[in-house]
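> Sharing a structure, written as structure tokens. Questions coming.
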Amino acid sequence: GNSVTQMEGPVTLSEEAFLTINCTYTATGYPSLFWYVQYPGEGLQLLLKATKADDKGSNKGFEATYRKETTSFHLEKGSVQVSDSAVYFCALTSTPNDYKLSFGAGTTVTVRA
Amino acid sequence: GAVVSQHPSWVICKSGTSVKIECRSLDFQATTMFWYRQFPKQSLMLMATSNEGSKATYEQGVEKDKFLINHASLTLSTLTVTSAHPEDSSFYICSANRDYSREQYFGPGTRLTVT
């Protein structure tokens, strides 16, 4: 079956620091990979996605590259802001046409001014 | 666009009672809605998938008689936790697809506490 493992938090950073959240997965076939973000009091929002190997998803300064050889999809941002404080979820669907998401446990990120 | 709301945002109920949670797509018609459950510091676990006007499809291990899902319209799905017990206390999240798009739009969640 599908599973997603992401680094445990919480993660606390200073503004302008570099952020990495590790995510590895187990899946059959050719999964699509996603990062969702949940800001306080809000629903999950799609941050970025990649549907095939070596694709790079990017949005709002965040990037993640689909690495099939290491089954990873690590999230990175070069310079975080206080407004990036949120819970980040790595997720996958079995195929690009599938809609069932398998989520990681979530990583809480707090950015201090 | 693509806003999903949930009501209530939190609820406390007594053991043995039933609780209904609503999920609404506010500015689009949802072809499919999903219900998830999240335990503290754990993943979101898909409970069931529902399409308007048809029976929900439950994931393995989810009691369909315990968690009743009704998808009465293209903008509303409800989850009823029947005869709730303390172990049902959790964070329940819904999401919706728009126009057969594969992207899911999530509601803010409902915190259920059963005493």
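> Given a Förster distance of 45 Å, report the FRET efficiency between A:Arg67 and B:Cys13 from their Cβ-Cβ distance, rounded to the nearest 0.05.
Once the sixth-power term is evaluated, E becomes 0.50.
> Same structure again: Roughly how much accessible area, to the nearest 100 Å², goes out of reach of solvent when B and A pair up, both sides summed, probe 1.4 Å?
Working: alone 6470 and 6100 Å², together 11170 Å².
Counting protein atoms only, the buried area is about 1400 Å².
> Next question, about the same structure. I'd like the Kirkwood hydrodynamic radius of chain A, using the inverse of the mean 1/r over distinct C-alpha pairs, in Å. Could you put the intermediate results ahead of the total?
On the way: mean 1/r = 0.0717 Å⁻¹.
Taking every pair of different Cα atoms in chain A, averaging 1/r and inverting gives 13.9 Å.
> Right, something else. Once both labels are modelled 7 Å past Cα along the beta-carbon direction, what's the A:Gln45-B:Ser83 spacing in nm?
For A:Gln45 paired with B:Ser83, the spin-label model returns 4.3 nm.
> Hey, if we sort A:Asp98, A:Asp54, B:Asp65 by accessible area with the 1.4 Å probe, largest down, what's the order? Mind showing how you got there, number by number?
On the way: A:Asp98 40, A:Asp54 105, B:Asp65 125 Å².
My answer, sorted largest first, is B:Asp65, A:Asp54, A:Asp98.
> Something else: Once you sort the root eigenvalues of the Cα gyration tensor of the range A:27-67 as a ≥ b ≥ c, which label holds: rounded (a/c under 1.5), prolate (a/b larger than b/c) or oblate (the other case)?
oblate
> Which is the longest stretch in chain B that no exposed loop site breaks, taking sites as trypsin sites (Lys or Arg not before Pro) with a DSSP loop state and at most 11 other Cβ atoms within 10 Å? All intermediate terms of the calculation are to be shown ahead of the outcome.
Values: sites that count: B:Lys14, B:Lys41.
In short, B:42-115.
> Write out the chymotrypsin sites (Phe, Trp or Tyr not before Pro) in the range B:1-100 meeting two conditions: DSSP loop, and at most 14 other Cβ atoms within 10 Å of their Cβ.
Taking the range B:1-100 and a limit of 14 other Cβ atoms within 10 Å, the loop chymotrypsin sites (Phe, Trp or Tyr not before Pro) found are B:Tyr100.
> What list of ³J(HN,Hα) values in whole Hz, one per residue of the range B:61-72 in order, does the Karplus curve 6.51 cos²θ - 1.76 cosθ + 1.60 (θ = phi - 60°) give from phi, with Gly and Pro shown as x?
Karplus-based 3J(HN,Hα) across the range B:61-72 equals x, 9, 7, 5, 7, 8, 10, 8, 10, 10, 10, 6 Hz.
> Could you give the accessible area per residue of the range A:42-113, probe 1.4 Å, as a whole number in Å²?
Heavy-atom SASA per residue in the range A:42-113 reads 45 Å².
> Using a 1.4 angstrom probe on protein heavy atoms only, which residues from the range A:26-52 are buried by at least 50 Å² of accessible area when all chains are present rather than their own chain alone?
A:Leu44
> Here's something else I'd like to know. Report the one residue of A:Val4, A:Gly29, A:Gly43 whose Cα lies farthest in the direction of the positive end of the charge dipole of the range A:1-64 (charges on C-beta: Lys and Arg +1, Asp and Glu -1; origin at the Cα centre).
Looking along the dipole axis, the top candidate is A:Gly29.
> Of all GluC sites (Glu not before Pro) in the range B:1-72, which ones are in loop regions per DSSP and have a Cβ with at most 10 other Cβ atoms within 10 Å?
B:Glu63
> Report, in debye and to the nearest 20, how large the dipole of the protein assembly as shown comes out about its Cα centre when Lys and Arg carry +1 and Asp and Glu carry -1 on their Cβ.
280 debye
> Let me ask something additional. For the range B:56-87 and the range A:1-64, what is the separation of their Cα centres, given in Å?
29 Å
> Checking buried surface per residue: for the range A:77-113, which residues lose a minimum of 40 Å² accessible area in the protein assembly relative to the chain alone (1.4 Å probe)?
A:Tyr99, A:Lys100, A:Leu101, A:Phe103, A:Ala105
> With a 1.4 Å probe and all protein chains left in place, how much of the accessible area of chain A comes from carbon and sulfur atoms, in whole percent?
47 percent
> Something else now. Assuming R0 = 22 Å, can you tell me the calculated FRET efficiency for the pair B:Asp27 and B:Ser54, based on Cβ-Cβ distance, to the nearest 0.05?
E between B:Asp27 and B:Ser54, to the nearest 0.05, is 0.40.
> Pop out the Kirkwood hydrodynamic radius of the protein assembly as shown from its pairwise C-alpha distances, inverse of mean 1/r, in Å to one decimal.
Working: mean 1/r = 0.0551 Å⁻¹.
After inverting the mean inverse Cα-Cα distance, the result is 18.1 Å.
> Using the Karplus curve 6.51 cos²θ - 1.76 cosθ + 1.60 with θ = phi - 60°, what ³J(HN,Hα) values do you get for each residue of the range A:14-24, in whole Hz, with x for Gly and Pro?
8, 3, 6, 6, 8, 10, 10, 10, 7, 9, 10
> Using Stokes-Einstein with the Kirkwood hydrodynamic radius over Cα pairs, what translational diffusion coefficient do you get for chain B at 10 °C and a viscosity of 1.306 mPa s, in µm²/s rounded to a whole number?
In µm²/s, the coefficient is 114.
> Here is a further query. From the phi of every residue in the range A:40-49, what ³J(HN,Hα) in whole Hz does the Karplus formula 6.51 cos²θ - 1.76 cosθ + 1.60 yield, where θ is phi - 60° and glycine or proline is x?
Values, residue by residue: x, x, 10, x, 5, 10, 5, 8, 6, 8 Hz.
> Which pairs in the list B:Lys41/B:Lys64; A:Lys60/B:Lys20; A:Lys100/B:Lys14; A:Lys52/B:Lys41; A:Lys49/B:Lys55 are over 27 Å apart, alpha-carbon to alpha-carbon?
A:Lys60/B:Lys20; A:Lys100/B:Lys14; A:Lys52/B:Lys41; A:Lys49/B:Lys55
The values are calculated or read from the model by the stated rules, or taken from the named source; none is laboratory data. Given the structure is predicted, the values throughout are model-derived calculations rather than measurements. Every residue, glycine as well, gets a Cβ built from its backbone with ideal geometry; the counts of neighbours run over all protein chains shown. With ligands, DNA and RNA removed, areas are computed over all heavy atoms of the protein, side chains included. Shrake-Rupley method; radii C 1.70, N 1.55, O 1.52, S 1.80 Å.
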